[in-house]
Amino acid sequence: MTVLSLDRVTYAYAGATVPALRDVTLAVEPGEFVVLAGGTGSGKSTLLRAACGLVPHFHGGTFSGRTLVGGLDTREHGPARIAGVAGTLFQEPETQVVLGTVRAELAFPLENAGLGPAAVARGVEEAGLALGIAHLLDRSTSELSGGELQRVALGASLATRPALVLLDEPTSQLDPVAGDELLGVLRRLNEEWGTAVVLAEHRLERCLSAADRVVAIRDGAVACDAAPQDFLTWAAAQAPDLQTPGARLFSLAGLAPLPVAVKDARAALRKRGLDGSGAPEPVAPAPPPRSHGRVAAAAPAPRRRGRDAALELKHLWLEPRGAEPRLRGASLTVAAGEIVALMGRNGAGKSTLLRVAAGLDKPTRGKVRATGRVALLLQTPGDYFLHDTVAAELDGAALERAGLAHLADRHPRDLSGGERQRLALAVVMGGEAPAALLLDEPTRGMDQPRKAALAGELCCLGGEGVAVVLATHDAELAVAVAARTVLLGKGDVVADAPTADVLGGGWYFATQTARILAGAALDPAAGAALLRDRLDLAVKEALT
């Protein structure tokens, strides 16, 4: 028996004129690891909602076809019944966490399954250890960072060891180490327990090596269903926006086959003598900013910090009563027109620093100075919506600029994660440009074309004199827009330097291109140019 079967499923949200899913037929066998790929609004999230029964029971609309989950027909069984066989994690984990402490949240599904106290206690401990949140078990869920909350929500969905796990952008708020650890947990569940995994993801470089199949969704329909290697070949010809940075690097350099993982890429370059091991090269200077293969508007050069500073944070401490400090003397100065990437592990204090800078939280010690309005877009875009339709949130011109005019009649909750993010950003910007714009994980749920558009927009804002600080785990975005990167440790700045210096040679805080080329280049275009030079040199040496 398949654990998930969709048979000619077509679905349209209430009031929508175009179906979100069109004649989708898909089967997932026990123990399969399936990655869903596709652009923002392509239908990936809707497919997962159909697989867990939220479509049509919660979202309404019109539904045809048949969906079976663990043998249960979603037309006859609602989300509560289906949750017994399918664990689910959506893009906004804060909406799935309902209890006051992490321990209680992880115990809740086990208690609902009727397990005894000893089995519940064991399950909580195992979930905490597996996801690296054992140290958070007695913490209040209201005190967690976005990435920590994401791991807690995932732990709750995995605690009962369901036959099927449905995941929507599960690594979107996780630092590189936590993202790798999470995927390791999923691989162990998949390989050792036979749990089937269906994972929707935009950053495919993180998960392709774990996948048995990749299903590409385009305009609500299945466009490709193939093994990872075959999917990359298809994407190179039919959907370049779905290529991983490593595959794009090889494509631009004229190399084949396209690599699924960094290990494959390095082995292929080593075999061709193109890995640079014969003559070690220094890390290349930061190339002109690019965004996922597209040239973005030039990012402003770093400016001297001084009188033109739009935002100054000096020796900030935030010490909640009875808890560890969240900020420990952090200082940051951002010049007008400068774009700074703020990176660091989950819980390092990135979101806290942005909240203090925007005035949402008051520091225990230290000073905040800004030359004008400070606009902040938090990780929860749904918090910015007040109306029942997208059109009611913004005027027509603003909707056009955000690329959301075609969704004017939709309810904000029915938008994809990337669409909600874009809508919230337009709301935050308002009618007048702020002195400083702070963004917390702005590419959460965004596909590559939208990231490119965001990169261009941020660079334009920088050119207009807006100081931009973006907290992100997306190294590709940081390279595309930020001339400077600040790395937070545990509430304090541990590195503040040009982006090429911070992201050029790391193991985790690095682009996929940098990992493939040992830091010799940061983005696929610069890396491909380097490989072509090496190839030309190898040909000349062979001829002589």
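The values are calculated or read from the model by the stated rules, or taken from the named source; none is laboratory data. Please read all numbers here as calculations on a predicted model, not as lab measurements. Every residue, glycine among them, receives a Cβ derived from its backbone with ideal geometry; neighbour counts consider all protein chains shown. Accessible surface is based on the protein model in full, side chains and every heavy atom, while ligands, DNA and RNA are left aside. Shrake-Rupley method; radii C 1.70, N 1.55, O 1.52, S 1.80 Å.
Observations, loosely collected:
- Subset of the stretch 152-161 [closer than 18 Å to GLU191 by Cβ and either touching a Cys at 6+ places or on another chain (Cβ under 7 Å) or open to solvent by 10 Å² or more (accessible area, probe 1.4 Å) (or both)]: LEU158, ARG161
- The single condition among (1) open to solvent by 10 Å² or more (accessible area, probe 1.4 Å); (2) in a loop (DSSP other than H, G, I, E, B) that GLY519 does not meet is (1).
- Taken over the stretch 505-516, residues that are assigned to a helix (DSSP H, G or I) and touching a Lys or Arg at 6+ places or on another chain (Cβ under 8 Å) amount to 1.
- Qualifying positions in the stretch 416-452 - assigned to a strand (DSSP E or B) and among the hydrophobic types (A, V, I, L, M, F, W, C): ALA436, LEU437, LEU438, LEU439
- Pairs where the first residue, in the stretch 202-228, is touching a residue at least 24 places away in the same chain (Cβ under 8 Å) and the second is part of a helix (DSSP H, G or I) and of a type in the set (Ser, Thr, Tyr), C-beta under 8 Å, 6+ apart: GLY220/THR46; PRO228/SER209
- ALA455 buried (at least 24 other Cβ atoms within 10 Å of the Cβ), assigned to a helix (DSSP H, G or I) and of a type in the set (A, V, I, L, M): yes
- Test: residue in the stretch 264-281 that is touching a Leu at 6+ places or on another chain (Cβ under 8 Å), at pLDDT 95 or above, closer than 27 Å to PRO30 by Cβ and buried (at least 23 other Cβ atoms within 10 Å of the Cβ): no
- Criterion: farther than 14 Å from VAL468 by Cα and open to solvent by less than 10 Å² (accessible area, probe 1.4 Å) - qualifying residue of ALA323, ALA310, ALA341, ALA330: ALA330
- Segments classed as helices (runs of 4 or more DSSP H), wholly inside the stretch 305-404, with at least 1 members that are among the hydroxyl-bearing types (Ser, Thr, Tyr), farther than 22 Å from GLU94 by Cα and under 23 Å from the mean Cα position of the chain (by Cα): none
- Of the helices (runs of 4 or more DSSP H) lying entirely inside the stretch 1-109, those carrying at least 2 residues that are open to solvent by 60 Å² or more (accessible area, probe 1.4 Å) are 79-82.
- Cross-chain or 6+ apart pairs with Cβ under 8 Å, the stretch 489-512 first and of a type in the set (S, T, N, Q), then buried (at least 19 other Cβ atoms within 10 Å of the Cβ) and assigned to a loop (DSSP other than H, G, I, E, B): THR499/ALA286; THR499/ALA482; THR499/ALA483; THR499/LEU522; THR511/LEU522; THR511/ASP523; GLN512/THR244
- Flag for LEU503 being open to solvent by 30 Å² or more (accessible area, probe 1.4 Å), within 27 Å of LEU327 (Cβ to Cβ) and under 21 Å from the mean Cα position of the chain (by Cα): no
- Any hit, the stretch 206-214, residues being among the polar types (S, T, N, Q), modelled with pLDDT under 95 and within 26 Å of PRO79 (Cα to Cα): no
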